[in-house]
Amino acid sequence: MGIEDASMRNGRALTDHWADSVVVRPRTTEQHITVNKRLVLGFAISILTLIIVTAIAITLSVSFERCAAESSGALAANSSSNSKWKQSRNGNISHRDSEDGQQPWRHLRLPATLRPRHYDLRLSVYMENFTFSGEVNIEFECVHSTKLIVLHTDRLEVEKVLVYSDSKKAGNMRIQRRFHYPPKQVYVIALHREMKALKTYKINITFHAHIEHELLGFFRSSYVLNGERRFLAVTQFSPTHARKAFPCFDEPIYKATFRVSLKHESSYQSLSNMPVEASTTDEDGWVTNHFSRTPRMSTYYLAWAVCNFTYREAVTDNGVVIRLYARPDAIQSGSGDYALHITKRLLQFYQDYFKVKYSLPKLDLLAVPKHPYAAMENWGLSVFVEQKILLDPDVSSLSYQMELTMVVVHEICHQWFGDLVTPVWWEDVWLKEGFAHYFEYIGTDYLFPKWNMEKQRFLTDVLHEVMLLDGLASSHPISQEVFEATDIDRVFDWIAYKKGAALIRMLANVMGQPLFQRGLN
């Protein structure tokens, strides 16, 4: 009541004021309604567009899933018909796939239709212009009938190719076409008629290439002696670089025997996995060394070198000849004596531990000025960068001696784990690297018990460190899938080395050393 009386007492002026306001308000409300209609219309159009795009995306997704399911079903049906040997090579594609419209040279893995048995490789090395030429004869078995020969080559100029049967009716087989497929680093030979299953065939390929400055494949290095620059050429084939030196089936599972011949100037000497079986000298002064036949091994463990090094020698109780090759001044100063001494002890230690004798009649250690890795465990010809094998006892520190010792122990262990027993594919590289890394500490403990490598240093250097690495978001399982060739180098990381070593040590401690050794044997 009081509020109404107060408004009446304000008189006419207050009434006129509200009247003016009422006159203006209807025009403002109409403008807002118009704007709101436009916003609602725009919002409705946006929602409708979003619904249409979502429907299209769902339709395409369903279509792609159906296609993927059909493709995987076809591959599964095809792989189920393969033999047990082929099943162990997960990811390989048979030639029958190519007959169904697929091209096997486009896949990461080689088709499982052929299996190499033996390589006869002859090379001529020209150090004056850093080139080499070669001829390789590959004896292989045809596992499944096929018209295609697919093998690896990279940076090689192929000159001539011949394929012939090794049966009673031997003769050249007509080649329909041959071509290089660079994306997968393979060379494809299509025959006019089909090779028969379980038959043996041979292929002869002549080629030439450069001795690369890049530290992979067959590469060159140099050093200075008495003010003169001298050159050498050496190989580094792991993991996928044997194809840069000769045409081959460059996958770990394709083990075969090798017979290597190297022709070079007489001012150089040549080394390979096996001892020299025979040596001939041409009228022009060039020397050809013919090396003995190797045991069955993977292509990336084949090795050779052409150099003018000198060496020191030691012989084990079992008659294995150990030689350390290095620059003449390094050999003369005795820088390689320490590595030679511990290598002799390590060969005996591993033979006793594994209960398996060293398989070759000799072991060469080659110290090179440049190398992409600390060392490479080629069977019978291990290659080290100089800093990891040459030691001056008057200057080198204890930590340097310890590091060098562990590198040598690691590589000698690979003569069993890696060379003799090799993972089928790169996804299980942790098996050989994990064992070698674990035995770095076991072998060093054998050489120098006071260093407490396995009981103390392993915990700080491996176990604790790999726990930190394994706790990161970037960690991964020790067995990694490999989908492309570029993924192969990625699997050689500290997870494979250190985590693999930690798991193997845990297994050895749970089982106990005697039972663990029996299991390895």
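The values are calculated or read from the model by the stated rules, or taken from the named source; none is laboratory data. For clarity, every value in this text was computed on a predicted model and none was experimentally measured. Using ideal geometry, Cβ is built from the backbone for each residue, glycine included, and neighbour counts are taken over all protein chains shown. Accessible surface is based on the protein model in full, side chains and every heavy atom, while ligands, DNA and RNA are left aside. Shrake-Rupley method; radii C 1.70, N 1.55, O 1.52, S 1.80 Å.
For the stretch 130-181, give the percent of accessible area contributed by carbon and sulfur heavy atoms, probe 1.4 Å, rounded to a whole number. Walk me through the intermediate numbers first.
Details: 1100 of 2630 Å².
Answer for the stretch 130-181 is 42 percent, counting heavy atoms of protein chains only.
In sequence order, the stretch 118-124 has phi-based couplings of 8, 10, 10, 10, 10, 10, 10 Hz under the Karplus curve 6.51 cos²θ - 1.76 cosθ + 1.60, θ = phi - 60°, and Gly or Pro positions carry x.
Can you compute the FRET efficiency between Asn521 and Asp317 using 1/(1 + (r/R0)^6), with r the Cβ-Cβ distance and R0 = 25 Å? Round to the nearest 0.05.
Numbers: r = 20 Å, r/R0 = 0.81.
Step by step, r from the Cβ atoms, then E = 0.80.
Among the GluC sites (Glu not before Pro) within the stretch 205-303, those in coil by DSSP and having at most 11 neighbouring Cβ atoms inside 10 Å are Glu283.
The 3J(HN,Hα) values that the Karplus relation (6.51, -1.76, 1.60; θ = phi - 60°) gives for the stretch 367-380 are, in residue order, 9, 10, x, 10, 7, x, 10, 4, 6, 9, 8, 3, 5, x Hz. Gly and Pro appear as x.
Size check on the stretch 255-355: the Cα extents along the three principal axes, sorted descending, read 48, 39, 23 Å. Among the protein heavy atoms of the stretch 337-413, carbon and sulfur supply 56% of the accessible surface, probe 1.4 Å, non-protein parts ignored. Measuring against 26 Å, Cα to Cα, the residue pairs Lys388/Lys499; Lys184/Lys498; Lys199/Lys263 contain Lys184/Lys498; Lys199/Lys263 as the ones spanning a longer distance. Residue-wise HN-Hα couplings along the stretch 442-454, as the Karplus relation 6.51 cos²θ - 1.76 cosθ + 1.60 with θ = phi - 60° gives them from phi, are 5, x, 5, 4, 5, 6, 9, x, 6, 6, 6, 5, 6 Hz; Gly and Pro carry x.
For His152, the residues whose modelled amide H falls within less than 5 Å of its own, excluding neighbours fewer than 5 places apart on the same chain, are Tyr187, Cys248, Phe249, Asp250. Under a 5 Å amide H cut-off, with hydrogens placed 1.01 Å from N, Asn308 pairs with Gln269 among residues at least 5 apart or on other chains.
Between Arg178 and Leu398, full extension at 0.36 nm per residue minus the direct alpha carbon distance yields a gain of 73.5 nm.
Centroid-to-centroid, using Cα positions, the stretch 463-490 and the stretch 324-358 are 32 Å apart. Modelled spin-label separation between Phe130 and His464, with each label point placed 7 Å from Cα along the Cα-to-Cβ direction: 4.6 nm.
Counting other C-beta atoms within 10 Å, and keeping those with at most 14, which DSSP coil GluC sites (Glu not before Pro) do you find in the stretch 122-151?
On the way: sites: Glu128, Glu135, Glu139, Glu141; in loops: Glu128.
The qualifying sites are Glu128.
Other residues whose C-beta falls under 15 angstrom from the C-beta of Asn452 contribute a net charge of 0, scoring Lys and Arg +1 and Asp and Glu -1. Residues whose amide H comes within less than 5 Å of that of Phe258, counting only those at least five positions distant or on another chain, are Tyr119, Thr294 (H built at 1.01 Å from N in the peptide plane). Per residue, the convex hull spanned by the alpha carbons of the stretch 223-299 comes to 116 Å³.
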